[in-house]
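Step one of this worksheet: look at the structure below.
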Amino acid sequence: MLSYPPTATGSDADDYHGEIVADPYRWLENTTAPETTAWIAAQNALTRTVLAGAGEAERAALTVLVTKLADYPRYGVPFERGGRWFQFRNSGLQDQPVLYVLDSPGDAGQPLLDPNTLSPDGTVAVSGAEVSEDGRLLAYSTSAGGSDWQTWRVRDVATGQSSPGRRGARTAAASTMARLTGPRRAASTWPPMDCTGSSSTGSGRTKPRTSSCSPGLTSPTGCHGRRSATTAGT
């Protein structure tokens, strides 16, 4: 019988329109807190004792089982831009979902952006993506080696080619934004805008624009901070 490390319960709770919902394990969300790291270490120590007692055959069987359980296709919700449809898909064991462009929902489609092919060792990750309203351009950000900085590029949907572009320049239209570097949590919108909801008009003035500021991958980046993707790197 395994003896699991004790898990403390907190008093955190949320009030949803008069309905109190307890959240006793919210303290575990702070992954750098000493009590959380101690809890993780204790859990890992228990896991190691179990695995240490398993032979090679048992470990191989466990690997096969876990792999089999994780190997199933997963699909994001299709969305439409300018008459084209887009969808994130994972065939099963891919590290990152692939963005497909479709003629209609349910279509086989064609891969538009495959993050799994961006580096031989898999250290480059796509952290944000947004398709322009007319469906012609895809802005996407990548980070290498777990860096806190991300590089934004623009890809032509029809050709699948990314623009070489220039770095760190404020642009009047998103079609001219090609390669920009900025903070990890900078958001992508069309035309480029910051999280105040203002976009560049090319004349030095700004105009309000409604946006969710969410690139929309499996781990969307939201509006955090005041620097936008258009000014990052300057």
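The values are calculated or read from the model by the stated rules, or taken from the named source; none is laboratory data. Model, not experiment: these values are computed from the prediction. Cβ: placed from backbone, ideal geometry, glycine included. Neighbour counts: every protein chain shown.
Side notes on the structure shown:
- Boolean, Ser11 is free of Cβ contacts under 8 Å to residues at least 40 places away in the same chain and within 24 Å of Ala125 (Cα to Cα): no
- The listed residue being touching a helix residue (DSSP H, G or I) at 6+ places or on another chain (Cβ under 9 Å) and either surrounded by fewer than 13 Cβ atoms within 10 Å (Cβ to Cβ) or within 19 Å of Tyr75 (Cβ to Cβ) (or both), out of Val126, Val131: Val126
- The number of residues in segment 1-34 being surrounded by 11 or more Cβ atoms within 10 Å (Cβ to Cβ) and charged (D, E, K, R) comes to 3.
- The listed residue being without any contact (Cβ under 8 Å) to a residue 40 or more places away in the chain and of a type in the set (Lys, Arg), out of Arg89, Arg81, Arg136, Arg155: Arg89
- Failed criterion for Thr37 (all others in (1) exposed (fewer than 12 other Cβ atoms within 10 Å of the Cβ); (2) part of a helix (DSSP H, G or I) hold): (1)
- Odd one out for Gln43 among (1) in a loop (DSSP other than H, G, I, E, B); (2) modelled with pLDDT of 95 or more; (3) not charged (D, E, K, R): (1)
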